[in-house]
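Here is the structure we will look at.
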Amino acid sequence: MVSLSAQLRNETFRQALALHGAGDLAGAQAAYVAILGEHPDDVEALHHIGILNLQLGDPNLAIAFLDQALLRAPSSPQILVHRGIGLSSLGRRDLALESFEAAVDLAPNDPNLHFQRADALLDLGRLDDAIEGFARVLQLDPDNLAARHNRGVAAQYLGRFDDALSDYDALLTLSPTDVEAQVNRGAVLRRLGHADEALAALQSAIRLNGQHAGAYSNLGNVLQDLRRFEEAVNAFDQAILLAPQNPDAHSNRGVALAELGRLEDAIESYDTAISLDPETADTYSNRGVANKGLRRQTEALTDFETAIALNPGFAEAYSNKGNVLQELKHFDLAVESYDKALTLRPDYADAHYNRGNALQELKQTLAARDAYVEALRLDPAYEYLPGALLHTRMHLADWSATADGIDQLETAILAGNHVAPPFPVLALTDSPSVQRAAAETWIRDKVPRRLGLGEFASRPGSSRLRIGYFSADFHNHAMAYLMAELYEAHDRSRFELTGFSLGPDRNDEMRQRISGTFDRFVDVRTQSDREIAQLARSLEIDIAVDLNGFTQGARLGAFAEGCAPIQVNFLGYPGTLGAPYIDYIVADRTLIPEASQRFYAEKIVYLPHSYQVNDSRRAVSDRVFSRAELGLPEEGFVFCCFNNGYKILPRIFDIWMRLLGHIPGSVLWLLADTPIAIENLRREAEARGVAGDRLVFAGRMPLADHLARHRAADLFIDTLPYNAHTTASDALWAGLPVLTCQGESFAGRVASSLLNAVDLPELVTTSLDDYEAAALRLASHPDELAALKAKLARTRTTSPLFKASVFAGHIETAYLAMEARRQAGLAPDHIDVPA
């Protein structure tokens, strides 16, 4: 080959540069190789062929050429910077940084070299150093858009959102069409809590570039924050269409779908996210939450355990695992899981709250109270906790914050705040307007109407009306004791009964009796809300009767899906459910006077006597208890109240203590709750001048014996605002008169309803003053009390209160009237059932 002269070398090099600049990389490479063939030490050719191989995607070959160039020109910052770029592309970031730093040392005023160094620091996660590096670039080149953008990114990663926003705003002033800056600005505004501004920023980015997947993904996140979940799903769908391999978009789409109650669809999204990135703990945890919502506890536990294996410091996964263990009734293990979460994150309010729930189930009420107190200290705005905490304090007879706490709670509930679950409110206030507000707030937030299964198709009436009874209490439970004979008394020629068991199968006496009574009895506790509703629809249930409401084991989510064309609130919850999908509430004219109808979201079914059905087959033991074996004094008047302790408010207790003060030798016989509650009640008695041992506490015993021991009492004195319900009918069935004070709410008028039905209206008072006076009079006039007991002995077996067959006829009339309205195309309306 003829040697190239220096002139020819220069001409060839110019040609190579021209070809390189024109994008003819193969031609440029041939020219560089020609030069190196004659001049193997040519630094410029070595440098440029290195750059060319970087462009060709061969960084190893590029570095080989650049290393040769550096041997010949070790002080060239440009060769060093390109060598660093090659090392970065190979993931050898530490070595790349060394090259960039060497280049900066050689040319300390070159902004490009500082940029490459700062960018390497950003890649290495040395964010503070990167921010300093980009700041130096901007000192040298104030209009360097990339440096301003990347400094914003580094600040964003560090959580310095104000600093990041400042950089993005400045960048957009210089370059208003920079889509990446607008997307990142939207993400930062979201983290700063400025959701509306974030929304505007991301919408602006999409107008600039409608094909930017990241803009749609971030838009979905903001829409989720705004609780616009349908729109969020649409945004994630667009992001996935543009970038189907992005696991975050699939995962976040799952979160939005879960919020919409579309749990199956959410799980599909999580599955896709996991297939794309099987190492993200958050996705497993979110899928676990969805599986829990579908009652797939085994799958949920596996998800949470996988999340924990991927991230042993994942406190939320431990807390969620505890929630599943609670559902499985493994309360001790649940507490262990919450304890682990709190070891990792002591300020985790959710874990404290959930731990409190598990401790309640373990009857460790004092520890539960302390857990709730800590959760509320950490998060004073924790939803529904103030009411739950006050209810727990009532279980302990801890009245330290009762008066102010109730007043504040009522105000907050009426304002629509999320401060109390509905059930505790029944025992804290007699205001039916507050109770309705609490129920409606909970329903809107937790169990809104779900339309996924669609409307009910019209179908002709059948020869037998299909009634579905839904309960978590088909076992030895107060509800089962009340309802058992009704199931047996229904007219099977006109009614087909299906029992939907939502609770445990304890295979006890009542479970065996009840399960054999129905035409069909199905255990649906492991099924999701939607699956329960689908089953009820497939069985063509005409009227679905909810026997739980907001009590333990309730599954209102199934009713939200629509179990039947007509849905009824009956017996289990003494108040409105506030749900637009519940059509009727079963009551009577004592419980809900016409003037009070506005406090109920449902239409009222007025039964002629009492809303409460009773089982006349309930056995009262023949056992005769001596007062001594019950812990009662041989002589003296025995006031009795076997209501749950949380129903005792200070103003009622004040009356009781005055009664003991007026009646020498009298005692108050209460149901034993927790040791701390007993201690507190005795201390409260002593604070009112009554010896603590004048409060006697009855332990638990079998129902028949419990009914029999009522004979040792003289008078049952009721609570307000939450009356005796089953406890009142127990006392009356056992022959013990019940004195009540009638309130304004459903829960505060139940005992009046029962007393009217058993023809003892003289035991109903309408003010606490009259209640106290009546109790004092009866305790002081044994003849008057004896006459009432004699009257009760007569009416107990003849009154409609204890005739389930009569009650069955009345409620069947109500069911037929409901169905007749539906068949006529009429909306639900109040129904008055004649005697």
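The values are calculated or read from the model by the stated rules, or taken from the named source; none is laboratory data. Owing to the predicted nature of the structure, the values given are computational and were not obtained by experimental measurement. Quick reminder, even Gly has a Cβ in these numbers, built from the backbone with ideal geometry, and neighbours come from all protein chains shown. Heavy atoms of the whole protein, side chains included, go into the accessibility calculation; ligands, DNA and RNA do not. Shrake-Rupley method; radii C 1.70, N 1.55, O 1.52, S 1.80 Å.
Below are the figures for this structure:
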quantity: Quotient of C-alpha Rg and 2.2 N^0.38 Å, computed over the stretch 362-432; calculated: 1.04
quantity: More than 17 angstrom apart: percent of Cα pairs within the stretch 268-350; calculated: 43
quantity: In nm, spacing of pseudo-spin labels at ASP407 and GLN245 (7 Å Cα→C-beta vector); calculated: 6.5
quantity: Over the stretch 290-394, relative contact order from alpha-carbon pairs under 8 Å, at least 6 apart, %; calculated: 18
quantity: HIS330 paired with ASP693, simple spin-label distance in nm, labels 7 Å along Cα-to-beta-carbon; calculated: 4.7
quantity: With every protein chain in place, the stretch 349-486: carbon and sulfur % of accessible area (1.4 Å); calculated: 49
quantity: The chain, relative contact order [Cα under 8 Å, separation at least 6], %; calculated: 7
quantity: Unit charges on C-beta of K, R, D, E only; dipole of the chain, Debye; calculated: 2580
quantity: Calculated on alpha-carbon atoms, Rg and Dmax of the stretch 780-827 in Å; calculated: 19.3, 59
quantity: Radius 12 Å from Cβ of GLU132, net charge of other residues (Lys, Arg +1; Asp, Glu -1); calculated: +2
quantity: Residues THR177 and ALA619, FRET efficiency given R0 of 56 Å [Cβ-Cβ distance, rounded to 0.05]; calculated: 0.10
quantity: Rounded percent of accessible protein surface that carbon and sulfur make up, the stretch 88-225, 1.4 Å probe; calculated: 43
quantity: Positive minus negative residues near THR365 (Lys, Arg vs Asp, Glu; Cβ under 14 Å); calculated: -1
quantity: Over 19 Å [Cα-Cα, the stretch 535-635], rounded percent; calculated: 56
quantity: Reference-scaled alpha-carbon Rg (2.2 N^0.38 Å with N residues) for the stretch 707-798; calculated: 0.98
quantity: By average C-beta atoms within 10 angstrom, highest first, the peptides 234-247, 561-574; calculated: 561-574, 234-247
quantity: Kirkwood hydrodynamic radius over Cα pairs of the stretch 113-206, then Stokes diffusion coefficient at 4 °C and 1.567 mPa s, in µm²/s; calculated: 99
quantity: The chain: angle of helix 93-106 to the longest principal axis, Cα-based, in degrees nearest 10; calculated: 50
quantity: Translational diffusion coefficient (Stokes-Einstein; Kirkwood radius from C-alpha pairs) of the chain at 37 °C, 0.692 mPa s, in µm²/s; calculated: 102
quantity: Interchain or long-range residues, amide H under 5 Å from ASP588's placed H; calculated: LEU607, TYR611
quantity: Folded to 0 to 90 degrees: helix 281-293 orientation relative to the chain principal axis, Cα; calculated: 30
quantity: Sparse-neighbourhood loop sites, trypsin sites (Lys or Arg not before Pro) in the stretch 609-713 - DSSP loop, at most 10 other Cβ within 10 angstrom; calculated: ARG700
quantity: Debye log10 I(q)/I(0) at q = 0.19, 0.28 Å⁻¹ for the stretch 9-59, Cα point scatterers; calculated: -0.51, -1.08
quantity: Cα pair distances in the stretch 654-716, grouped into 10 Å bins until the bin that holds the longest one, percent each; calculated: 20, 49, 28, 3
quantity: Approximate spin-label separation ASP829-SER780, in nm, with each point projected 7 Å along Cα-to-Cβ; calculated: 5.2
quantity: Descending semi-axes in Å of the stretch 394-525, equivalent ellipsoid built from Cα gyration tensor; calculated: 37, 22, 13
quantity: Difference of contour (0.36 nm per residue) and Cα-Cα distance, THR798 to LEU17; calculated: 270.0 nm
quantity: Nearby lysines by direct alpha-carbon distance to LYS791 (threshold 19 angstrom, same-chain neighbours under 8 apart not counted); calculated: LYS803
quantity: Folded to 0 to 90 degrees: helix 315-327 orientation relative to the chain principal axis, Cα; calculated: 30
quantity: Bins of 5 Å, starting at 0 and running to the largest distance - Cα pair percent for the stretch 149-263; calculated: 2, 14, 22, 22, 20, 12, 5, 1, 0, 0
quantity: Potential extension, LEU95-ARG459 segment - 0.36 nm per residue separation minus Cα distance; calculated: 123.4 nm
quantity: For GLY214, net neighbour charge (Lys/Arg +1, Asp/Glu -1) across residues whose Cβ lies under 14 Å away; calculated: -1
quantity: For the chain, accessible area per residue (1.4 Å probe, heavy atoms of protein chains only), Å²; calculated: 41
quantity: Calculated FRET efficiency for the pair ARG227/THR526, C-beta based, R₀ 25 Å, to 0.05; calculated: 0.25
quantity: Length gained when the stretch ALA200-ASP759 is fully extended (0.36 nm per residue, less Cα-Cα span); calculated: 194.4 nm
quantity: q = 0.22 Å⁻¹: log10 I(q)/I(0) that the Debye formula gives for the stretch 578-712, counting C-alpha atoms only; calculated: -1.19
quantity: Too-long pairs where the Cα-Cα distance tops 19 Å, listed order kept, from LYS292/LYS446; LYS292/LYS363; LYS292/LYS329; LYS292/LYS321; LYS329/LYS363; calculated: LYS292/LYS363
